[in-house]
Structures are given as structure tokens and as C-alpha cells.
Amino acid sequence: MYEAMELELKLVNFSADDMVRRDPDRGNNRFQLWQLRSHFPLINFEQYINTVFKGLANVSPNHTVIIREIEYFAGIQHILTTTPKRVIANYIAWRLVQGFSPFLPPTAREPFYQFKANQTGMFNSPPPDRWEDCVTLSVIMMDMPVGKLFVEHFFERERAMAKMRELTGFLKGEFIKQLHVLDWMDESTRKRAVEKAGMIEYKNGFPEVLFNDTWMDRHWGILIKPKEYLLHLTIRIKLARYAEELMRLDQPLDRSMWYQSPAQVDAYYAPNNNEMRGRYDELGNLNDWWDTETAEKFTEKTRCFVRQYGSVKVAEAGIHLNGQLSLGENIADNGGVKTAFNAYKAWRSNTSVEEPALPGFQNFTSEQMFFLAYANNWCSVVRPKHYVQIIMTDVHAPSKYRATIPLRNRLEFAQAFSCARGTPMNPEKKCQVW
């Protein structure tokens, strides 16, 4: 077991960190399949890929393959020549058991959950009940069938979707307005940015295809045997979903496809479609369409966030926030609350709908309630050990700082709560990109 863990540490050292991987050019290493023989002679990519795709799609030696981590596979070759096969086999078996631990008997399941609990400082915390694992597994593995049940039972389809279309319409409109007045963006880049923003496809509530029985049977017609062992069923579903993914090779990209369950409440973005990131064009292709000076000004704007977040020391953890690791999400949080507030103001000026005061909040203005609702979204209690884990490994800042720092950067917040200039929630120096 010790040797397997040592092998994992070696693999970690061969892996680039999240800050390095953020550069899309770095991972855009294109090869034809046959060319990989000379670059990685100890790894038989052709045999592996042909085995995986057998019976699902035709793969030729001339197919383009993107290797995102050149150094990692070079490290794999080193491991193959220096590590006994027994250790490699034990490591593979260990990772397999670890991955399926929630579905195994208590002898494997309980140590897994104890390890997860200790990572976040929840020592001696009991594992979740088996039924909780089953619910979680159902939402993940059968996301669309479960999503359909959720929509049918808890969703007022027409009314809710109309509200969501109205909401996203205001958000999109306000973001495009912001693009038109950015002082760091040149006109050529601005024009392309507006075009790209206009082509972003919103996915609200649920996909309409959810209620197409033919589609559901074709994609989710998996026979479930009531007495089948949970692990076996899980593997069967995974294999069926994986096979469907592989069959899309060389097929046109379906931009309407959902990659997340309608039953899951979360921000939604499918990185593979590249609809939002600035280094990709309006069609989602990696394309450097930014003016050089604009790109430099953008980078300088982002440095403000790196310094601002990095200057915050988390007392519970005894370390500072990692402003570089969480940069992408920090830009999104700050731009998001600005766009959302502007969209809210635009909605208020275009509606006659009354906003009744919540019980106990009658003395708060609408603007104050907006910011309170935003902050409430991040309400949580975090143990000191978990703070350390978040700061060192998560691309998101801890929830407390996702609430407070974006609001420090908003003059509208300071005005709403009469925060004096130079106070913690209305600092002289504010950061902003969008």
C-alpha cells in the first residue's frame, strides 16, 4: 500500500497545477495518432484507442489527437521503466477500489468516508446512510431521467421558464451594455466580444427534449434489474454512457446538449463548448482574436484581483488566500454581481410588479435586499482544516470571501449601506474587469 501511495505522489509531481493548466495554448498539442509512437514509444496509444473505440467509431492512424499534458505522459514513461509491475498493478487496483468505495461493503466504504471527513476536519464523522449514496448516485448517473421526475413534480414549466427567459434576457442585455463601455477594450475586440456574447446559448431550467419519449428511450433505455448488485449496475450505466460519448467521434457538435442534470442547482458552463472564455471565438474555436494592447490591459486589470485576494489572511487557517489560483472564479464573481445588480435595476425600471417586504426585513431597501440575498448565497461554516484545503487546492475562494470581496468592489453596495470611504467594505482601491 505504501508503494502505491508513493507512486501516486510521483504522478502528482508530473502533473501541472491548475494555474499552469489554465493556459489553453499550453494544452493544445496536436498529433496524428501514428505520430505518438515516436513521442511516447512505451505507451501504445494506437492499441489503447482502437480497443476503446472498437465497435463504436472508426479510428484511423491519421486521426488528430490532442495531448494536453506532454510532461505528464513523459513522466508515465519514466514510471513504466523504473517501477515494478506489481506496484503498478496494486496502484490500479487501489484506485479502482477507491473510486467505487461508496458502493462497496462497509469494510471498504467506511474507511473511504473517514478519509474524506478527515480531509475537511470532520473527525469521527459517521458516513452517510446508504440511501443518501443511492440518491446522489441516481442524480449523477441517471441525470436526465431523474431530472424529468424533478421537473414533473416540482416545476411549473411554463411559468418558471417564462421567468427564466426574462431573467437571462436582462442579464445578457446588461452584460452587452457593459462591453460597450469598457475603457480597456479596443473597438475591434469589442465588436467581436459583443458578437460572441450574442451567440452564447442559455440553458435554463431543463431541456425540452426531456419530454421526448423517443429521445429518452434511445439515450437512457438501460434495463435496471431490481435485485442487481449496486456496483454492477453502476458499472453498466457508466459503460453505456461512455459508449454513447465515444460514438460522437467525428459527429457535428450538438450545442444544445446538456451536460448537467436539471435536478442540480448550480451555475452551468460546459467548458468543452468554449462559449464564454475569452481566448475562444464565437464558434468555440481557440483563436487569438484579442488586440495585443487590449490583452495587456486585461492582464493588468486581473493583477489587481491577484493582489487584492492574495493580501487577505484567513485567520482560521493561518495562511493567505491564493489570488492566482482562484483568479478566474474571482473575475466571474465580481463581474457576475455587477451584471446581476444592473439587470435587477433594469428589471425594476421595466416592471410594475410590486416587491413585498419579507417579514423582519421591512426596514431594508430593495438595493440592500439584493446584496443581502447575494451574500446569503455563500453562507456556510468552514472548519480550519477545510479552509487550508480550499485555499491550497480549490479554484474558488472560500465562501466567506466570495461574499465579501466582490461587494467591497461595488460602489453600489457602499452607497446602499452608507459605508464610509476608506472603510473595509468601501476601500479606496477597487478591482474590476467587466
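The values are calculated or read from the model by the stated rules, or taken from the named source; none is laboratory data. Just so we're clear, the structure is a prediction, and the values are computed from it rather than from any experiment. As a convention, Cβ positions derive from the backbone with ideal geometry for all residues, glycine included, and neighbour counts pool all protein chains shown.
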Practice task
Test residue 159 against the criterion of being more than 20 Å from residue 258 (Cα to Cα) and either modelled with pLDDT of 80 or more or in a helix (DSSP H, G or I) (or both), and give yes or no.
Solution key: yes
Problem - Qualifying position, being modelled with pLDDT of 85 or more, on the phi < 0 side of the Ramachandran plot, outside any strand (DSSP E or B) and aliphatic (A, V, I, L, M), among 108, 74, 117 - result: 74
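Let's see how each residue does on (1) among the aliphatic types (A, V, I, L, M); (2) assigned by TED's automatic domain parsing to the domain that holds residue 385; (3) within 24 Å of the chain's Cα centre (by Cα); (4) at pLDDT below 95:
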{"position": "278", "(1), (2), (3), (4)": "no, no, yes, yes"}
{"position": "283", "(1), (2), (3), (4)": "yes, no, yes, yes"}
{"position": "286", "(1), (2), (3), (4)": "yes, no, yes, yes"}
{"position": "299", "(1), (2), (3), (4)": "no, yes, yes, yes"}
{"position": "304", "(1), (2), (3), (4)": "no, yes, yes, no"}
{"position": "315", "(1), (2), (3), (4)": "yes, yes, no, yes"}
{"position": "324", "(1), (2), (3), (4)": "no, yes, yes, yes"}
Problem - Residue satisfying condition, being part of a helix (DSSP H, G or I), in contact with a helix residue (DSSP H, G or I) (Cβ under 6 Å, 6 or more places away or on another chain) and at pLDDT 80 or above, within set 171, 167, 137, 149 - result: 171
Fill in the blank from the handout: Matching residues in the range 291-307 (in a helix (DSSP H, G or I) and in contact with a helix residue (DSSP H, G or I) (Cβ under 8 Å, 6 or more places away or on another chain)) number 4
Fill in the blank from the handout: Wholly inside the range 356-434, helices (runs of 4 or more DSSP H) that include 1 or more residues that are exposed (fewer than 13 other Cβ atoms within 10 Å of the Cβ) are 366-376, 384-393, 411-417
Problem - Residues satisfying the stated conditions in the range 409-433, i.e. among the acidic types (Asp, Glu) and at pLDDT 95 or above - result: 412
Exercise for the section: Identify all residues within the range 11-47 that are of a type in the set (D, E, K, R) and not in a loop (DSSP other than H, G, I, E, B); write none if there are none. Expected result: 18, 21, 30, 37, 46
Fill in the blank from the handout: The lone condition residue 378 fails out of (1) modelled with pLDDT under 90; (2) touching a Ser or Thr at 6+ places or on another chain (Cβ under 6 Å) is (1)
Fill in the blank from the handout: Considering the range 88-103, residues that are out of contact with any Ser or Thr (no Cβ under 9 Å at 6 or more places or on another chain), surrounded by 15 or more Cβ atoms within 10 Å (Cβ to Cβ) and among the hydrophobic types (A, V, I, L, M, F, W, C), and then whichever is modelled with the highest pLDDT, we arrive at 88
